[in-house]
2 protein chains.
Amino acid sequence: MTINKPKEPRERILEAAVALFAQRGYAAVGVREIGKQAEVNIAMISYYFESKVGILKAILEDFFDRYSLIFADIKDLDISSDDCIRLIIRRIVEFVRGETNLALVGYNELPLDVPEIAQLKAKKVTEIISQLGWLMGRFNLDPVKDGWKMGIIGPSLISMVVMNFRLRPVMQRVFQLTFDDAYYEKLVETLSTLFLDGVHGIAAQNEADSGEADG
Amino acid sequence: MTINKPKEPRERILEAAVALFAQRGYAAVGVREIGKQAEVNIAMISYYFESKVGILKAILEDFFDRYSLIFADIKDLDISSDDCIRLIIRRIVEFVRGETNLALVGYNELPLDVPEIAQLKAKKVTEIISQLGWLMGRFNLDPVKDGWKMGIIGPSLISMVVMNFRLRPVMQRVFQLTFDDAYYEKLVETLSTLFLDGVHGIAAQNEADSGEADG
DNA sequence: ATAAAAATTAAACAAACGTTTGTCAAGCAT
DNA sequence: ATGCTTGACAAACGTTTGTTTAATTTTTAT
């Protein structure tokens with residue numbers, strides 16, 4: 001559970017904070033606990049991040065910047081709209097899988113009112129939404145006239161993926177699942193089908209699969 | 001902003017707590033602030049709820065019980081699978097619209113580790129998931145063999161709806177929207193189409209609409 | 001009218017909070 | 001050797017936290 005010591009204090013603080021914030025939320029975690037888990041004196045938190053909220057700022061900036069990278073080169077790729085969606089979903093899943101705690105903190109703290117980071121959030125969210133505008137055009141949607149639809153569909157996409165990780169501790173008690181490469185491959189496939197063709201698409205795929213297996 | 005006084009103290013405490021928890025999160029709100037907003041002495045919180053976490057327990061129980069009602073009579077209705085989904089989405093939207101703060105607290109606190117309510121959460125989530133089993137059968141899904149799909153699709157449904165309300169404060173700066181009856185009608189329609197037929201369904205509907213308007 | 005019960009209050013509690021302080025040791029140029 | 005900077009530390013700062021106590025008012029029942 002303890003962090004690898006050799007790393008620099010600043011990085012150890014970030015890692016510890018991300019893990020703790022993801023588990024219990026920003027407000028529920030004290031600087032002493034962060035310092036303890038990072039094997040660092042509490043004073044170093046003020047030294048490197050000015051304040052506790054400074055840690056959250058650094059974490060959210062990291063989250064948004066890396067999340068933005070998902071869409072960065074999408075426009076330049078010469079692929080179909082469907083493959084475009086599939087690629088985005090694959091990248092989101094890979095991102096959230098690789099940095100689960102970071103993504104959970106970003107997602108969980110996003111709607112909470114923390115005055116010191118309100119501006120940061122608004123700026124970053126606007127950036128990401130504007131990136132989605134181009135994608136909409138490929139699905140007969142006018143970014144201006146149908147903007148409200150983008151406000152529904154876009155957030156739905158990210159929430160669909162993250163929800164899977166958010167509920168993992170609870171879900172693990174209900175279903176017996178091993179979260180290995182094979183599972184994530186199926187997750188990407190299922191979410192892509194669901195987002196592209198809905199539950200009807202899922203049902204059709206299921207029929208095709210069972211028909212293949214039976215015949 | 002102040003709560004109507006005539007109500008009973010217990011209810012005033014709940015209302016104030018739900019509003020504050022929704023805005024800033026359970027851990028970030030103190031009992032003194034709850035007491036102040038509820039116009040109640042702090043000691044009344046211990047008196048009526050034993051402790052601060054007792055308030056959260058009461059809130060989550062209320063949330064889950066009312067959320068369960070959404071699916072309660074679904075089995076008895078003689079409607080198509082699609083209409084079934086549409087009805088569920090309509091009810092979820094209506095529920096979250098009518099009790100936005102309650103839903104936000106339930107959704108936001110669900111993945112956070114608060115030992116005192118871990119058991120409550122596990123129990124209620126299991127209840128709701130089991131209710132979804134029946135619905136899956138109507139879409140060629142085997143609740144046993146395809147259980148993991150239910151673990152993906154089910155949570156996606158609720159998260160799609162709630163995400164819309166979670167991001168409202170941030171979204172309102174980006175799009176100029178009035179959240180009136182007409183908007184929610186479109187929200188139900190869009191989410192239903194998205195969940196049933198994906199973005200392809202949305203695109204098809206858009207083409208049909210514009211064709212109707214042009215012709 | 002009166003006693004018991006319930007509801008409400010102000011005040012105080014120890015514990016935990018985020019932050020600041022002053023100090024010390026090591027590294028480095030002068 | 002000297003003075004200066006930087007990284008790290010323990011200790012203490014004043015608040016705020018959730019909770020409890022004991023006293024007081026209000027309600028209920030007899």
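Counting neighbouring Cβ atoms within 10 Å and putting the fewest first, the residues B:D76, A:D146 line up as B:D76, A:D146. P(r) for the range B:1-123, from all Cα pairs and a bin width of 10 Å, is 12, 39, 30, 14, 5, 0 %, short bins first.
How big is the dipole moment of the protein assembly as shown about its Cα centre under a simple scheme where the beta carbon of each Lys and Arg is +1, that of each Asp and Glu is -1, and everything else is neutral? Debye, nearest 20, please. Display every interim value, and only then the final one.
On the way: 50 positive and 62 negative charges, 414 e Å.
Rounded to the nearest 20 debye, it is 1980 debye.
Using only alpha-carbon positions in chain A, the gyration tensor eigenvalues give semi-axes of 35, 23, 14 Å once each is multiplied by 5 and square-rooted (largest first). For the pair A:D62 and B:K145, a Förster radius of 60 Å applied to the C-beta separation gives a FRET efficiency near 0.90, rounded to the nearest 0.05. Short-range pairs are left out: with C-alpha atoms under 8 Å and at least six residues apart, the relative contact order of chain A is 19 percent. By Kyte-Doolittle mean hydropathy of at least -1.0 and Cα axial length of at least 15 Å, which whole DSSP H helices of chain B are selected? Counting only whole DSSP H runs, the qualifying helices are B:9-24, B:52-72, B:81-98, B:118-137, B:147-166, B:181-214.
A:D76 label point (Cα plus 7 Å toward Cβ) to equivalent points in the other copies: 6.0 nm, shortest first.
Checking the Cα-Cα distances for B:K7/B:K121; B:K7/B:K123; A:K57/A:K124 against a 23 Å cut-off, the pairs over it are B:K7/B:K121; B:K7/B:K123.
Identify which of B:A27, B:A38, B:A182 has the largest mean-square fluctuation in a Gaussian network model of chain B, with springs joining Cα atoms closer than 10 Å. Highest fluctuation of the listed residues: B:A182.
In the range A:64-215, taking the dipole from charged Cβ atoms about the Cα centre, the farthest positive-side position among A:I158, A:S210, A:V188 is held by A:I158. Charge dipole (Cα centre; +1 on Lys/Arg Cβ, -1 on Asp/Glu Cβ; no other charges) of the range A:1-50 amounts to roughly 120 debye. Sorted shortest first, the distances from the B:D65 label point to those of the same residue in the other copies are 4.9 nm; each point sits 7 Å from Cα along Cα-to-Cβ.
A label point on B:K36, set 7 Å along the Cα-to-Cβ line, lies at 3.0 nm from each of its counterparts in the other copies, closest listed first. Charged side chains reduced to their Cβ positions (Lys and Arg at +1, Asp and Glu at -1) give the range A:61-214 a dipole of some 540 debye around its Cα centre.
Do the sum for chain A: with -39,500 (n - 2.57) for every DSSP H run of n ≥ 4, divided by all residues, what is the mean residue ellipticity at 222 nm, to the nearest 500 deg cm²/dmol? Write down the numbers at each step before the final one.
Values: 10 runs with 160 residues, N = 215.
That comes out to -24500 deg cm²/dmol.
Return an integer: the convex hull volume of the alpha-carbon atoms of the protein assembly as shown, in Å³ per residue.
On the way: hull volume 76.9 nm³, N = 430.
Hull volume over Cα atoms, normalised by residue count, gives 179 Å³.
Projected label points at A:Q176 and B:K123, each 7 Å from Cα along the beta carbon direction, are separated by 2.5 nanometres. Note on B:Y47 and A:Y183: with the Förster distance fixed at 60 Å, the Cβ-Cβ geometry gives a FRET efficiency of about 0.80. Loop-located chymotrypsin sites (Phe, Trp or Tyr not before Pro) in the range B:109-215 (DSSP state not H, G, I, E or B) with no more than 12 neighbouring Cβ atoms inside 10 Å: B:F175. Applying the criteria of a DSSP loop state and at most 13 other Cβ atoms within 10 Å to the trypsin sites (Lys or Arg not before Pro) of the range B:125-188 yields B:K145. Within the range A:1-50, the percentage of alpha carbon pairs spaced more than 11 angstrom apart rounds to 63%. Springs join every pair of Cα atoms under 10 Å in this Gaussian network model of chain B, and among B:T193, B:T126, B:T100 the largest mean-square fluctuation is at B:T126.
Throughout, read-outs are computed from the coordinates displayed, never taken from laboratory work. Small disclaimer: the values here were computed from a predicted structure and weren't measured. Backbone-built Cβ (ideal geometry, glycine too); neighbour counts: all protein chains shown.
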